[in-house]
1. Using the per-residue mean of other Cβ atoms lying within 10 Å as a proxy for protection, in what order, highest first, do the peptides 487-496, 303-312, 649-658 fall?
2. Give me the log10 of I(q) over I(0) for segment 1-51 at q = 0.13, 0.21 Å⁻¹, as the Debye formula computes it from C-alpha points; what are the numbers?
3. Restrict the search to segment 547-595; then list the GluC sites (Glu not before Pro) that DSSP places in a loop and that have at most 14 other Cβ atoms within 10 Å of their Cβ.
4. What part of the accessible area of segment 330-402, given as a whole %, is carbon or sulfur when the probe is 1.4 angstrom?
5. May I ask you to give the average projected area over all directions of the convex hull of the Cα atoms of segment 566-640, in nm² rounded to one decimal?
6. Heavy-atom accessible area of Tyr172 with all protein chains present, probe 1.4 Å, nearest 10 Å²?
7. At 7 Å along Cα-to-Cβ for each site, give me the label-to-label distance between Asp427 and Val64 in nm.
8. Segment 504-660: percent of C-alpha pairs farther apart than 26 Å?
Amino acid sequence: MIQQYLKIKSQYKDAILFFRMGDFYEMFFEDAKVASNILQIALTSRGKNSGEDVPLCGIPYHAVDSYLPKLLAKGFKVAICEQLEDPSTAKKIVKRDVVRVVTPGTITQPEYLNPKSNNYLVSICRGKYGFGLAAVDITTGEFLTSQFDSMDYGVLLNEIIRIEPQEILLPYGLEDDFKKNILKKLGYSPLISTYDDWRFEEESARRALLEGLNVASLAGFGCENMSEAVRAAGGLFQYLIETQKNILKNITSLKTLSSGDYLVLDGTTLRNLEIFKNQLDDTQSATLLDVIDNTKTAMGGRLIRKWLSKPLISVDKIRNRQLAVKEFIEKSRETSKIIAELKEFRDIDRILGKLASGNCSPRDIVALRKSLDHIPPILEVLNEFDSKLIIALKNEMSTFDEMRETLSSALVENPPLNIRDCGAIRDGFDAKLDQLRDIKNNTRKWISELEEKERQRTSISSLKVKYNKVFGYYIEVTKANLQNVPDNYIRKQTLVNAERFITPELKEYEESILNAEEKIKEIETKIFDDLVKKVEENMTAIQKTSSAVAQIDVLSNLANIAAENNYVCPEVNDSDKIYIKNGRHPVIEKLFFDEKFVPNDTYLDCSENRMMIITGPNMAGKSTYMRQVALIVILAQMGSFVPAESAEIGIVDRIFTRVGASDNLARGQSTFMLEMNETANIVNNASKRSLIILDEIGRGTSTFDGVSIAWAVAEYIHSHPSLGARTLFATHYHELTELSDVLEGVKNYNVAVREWNDEVIFLRKIVEGGTDKSYGIHVAKLAGLPSKIIERAREILKNLDSREYNEKGSLSILGKKEGEEIKNQQILPLFNKEETDVIDELRNIDINSMTPIDALNYLNNIKKKLEKGEN
């Protein structure tokens, strides 16, 4: 047995081997040591190998689902090795082999997965000109591929962050580069699996896809001429076949994605805008998804997440969604009926996933049937709707009348979890099964009836039907009555006072009794397998129906969210305008309990309102305002209504954000380096159709450096021929407000405040014009700094503002002791006297009244003064 174990283990060196031994999965050697520690089970030993005790631990086979996730969570793969023959009939050692390999990306138990999130396994390959990426969720059958015609690892990183896979499959040759350029920057640790490089060669990858998807060409999937996309998808498909030991029947299609079809939200933007996770505790609470997701089905929950991560850029598709949402709002009564039905749905996609992997239970099939029972009433209500998208979705849905009737008549309402436990099939569905159940349940009654019948037939009143382990059931007749024994009685044993007989009928019934339970299991399993096949025959149609149900769920959900929160339908078009009247932050407005949320207007385009320079104190609402503009754009392009009085949104191709920063020493990046990396990503990848959010640039370095960089970045975004993007630029560098004097399309805005009795009130209103006050000391006071610090800060600020210096000529804040008098002297200038005189002179000169020769002479005089100052 140990030899058999070691042979199988040698084929799965990177997995913990669950080796089936009767009613247990056992682990040996190093696997046992690792598993016993993680699973908190006893570590023992069995036998010896090379003179050493063999470490052993084990778990009951029926409890495997409760142990598997613990190992997967620690990043391990688990190879399930089963007995392939009945131990009681095996002539030698029982045949065993691995029937599937479970990994973090291939777990199928819904109870261990987030119902509203996909569990993706991603594969990546690299070609001469770019990357291929494919993703699969075997629990839902979703299979995607895409190609990036760029060697920039940043593009790949952003896509991985958006997908958030639990496992990443790589060719051996890409592993080192991937870990160096991607893994360290991900922020979490998915399992990295490696696979033979030749599996990702185009010929073998393409052949695997054609055979597995049963097609003659990949043209129908949109990737026929996308070499890297085909390589990534084909390598992934081969990996699934090898680990799952079969072609998953729920993977029936391949969807090719193109970044040109969606508004691109990179990982930085998803994080900064808190689309899926908040930055405070890394949970979904207080995020955009949290606010807009009240879907009723798991399928709808996963879909709204996809819509949010990939908003559309097609005006027609967006408007189709908007019209559907609008109709759900207008027909609220019908919408309520649909939502009531949606609440009863189980996770159809993941039930099909379990079925495809061979792990489907009778309860799963009943849950599927009960879910499909709600399709007809939904279709009946949808007949009242006439928007284009809803009609299309209605046409995608099937009622499965015959299949549902068969499942209903075959399976009891509350079947056991395992078909081998018996009792899943209804009485009356199969005559042979009913007979066996009757035999099993009524043995004593049958024996009594047989005994009475034989007494009547033979006139032997003392005749008895008995049982022992040697003969089984038999008929016992006393010697005084032997003359009345019928011819069909077969003598089996002679006793002193009686003889024992059997009959063909008794032996047949005995066999039925003794084998009834096993035969019941066989018949129920056969019936269940036939039911599963019937569902498999309808797999594609069920998947289409489930997809339509998910979309109905999301659209009706968006309608309810809009109605409850006073959202409006935005006008989405191909213009360059982002005009929002009284826009609100969809998340913050839900969290405001102490004060009413203050709405604000936005006017952005690519001409007169190209860039908004926003100044104002911390905590006044600059960041909230900028984020709300981005969130409104995302909602609009996903087809949702938006929190505003009105909105016109010209299609945005990408949203870039540079919001705040914190040192990331673990990844070797300072605040300033991270800031510059994100800024470089923006200026190198944004286009004229992009929306750029810049919240403080240059604060991680010296003031002069910071102002210089911020100014240069603003100029570049505004004026570069390939840019000119719509930009919101918040800053504490008040010098940037002067950009509006030299760059057309730059407008200054500030967050209004009111000063009253030495207090500052933030009005949260964005108004035109710049400001030169930051109110930092007031914010420090609000944050709870001790009053002594606040008073001292005010004193220092006053000294700086009034240019106070001590008798030694140093800044008074450097040498003043508490209670010391300060002498008010002329401030030591930043420049020398001659430079200062030149600057003052330049401020006062009237250039328009000078002739060219006057200007040249004047410039020569300035040069001489500056040279004098240097001497």
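The values are calculated or read from the model by the stated rules, or taken from the named source; none is laboratory data. The structure displayed is predicted, hence computed values, not measured ones. Every residue, glycine among them, receives a Cβ derived from its backbone with ideal geometry; neighbour counts consider all protein chains shown. All accessible areas refer to the heavy atoms of the entire protein, side chains included, with ligands and DNA or RNA removed. Shrake-Rupley method; radii C 1.70, N 1.55, O 1.52, S 1.80 Å.
1. Highest mean packing first, the order is 649-658, 303-312, 487-496.
2. For segment 1-51 at q = 0.13, 0.21 Å⁻¹, log10 I(q)/I(0) is -0.30, -0.81.
3. The qualifying sites are Glu595.
4. Details: 1340 of 3300 Å².
That share works out to 41 percent.
5. On the way: hull surface 22.8 nm².
Mean orientational projected area (segment 566-640, Cα hull): 5.7 nm².
6. Taking all protein chains as shown, Tyr172 has close to 120 Å².
7. Roughly 3.5 nm, to one decimal.
8. Cα-Cα pairs of segment 504-660 separated by over 26 Å account for 53 percent.
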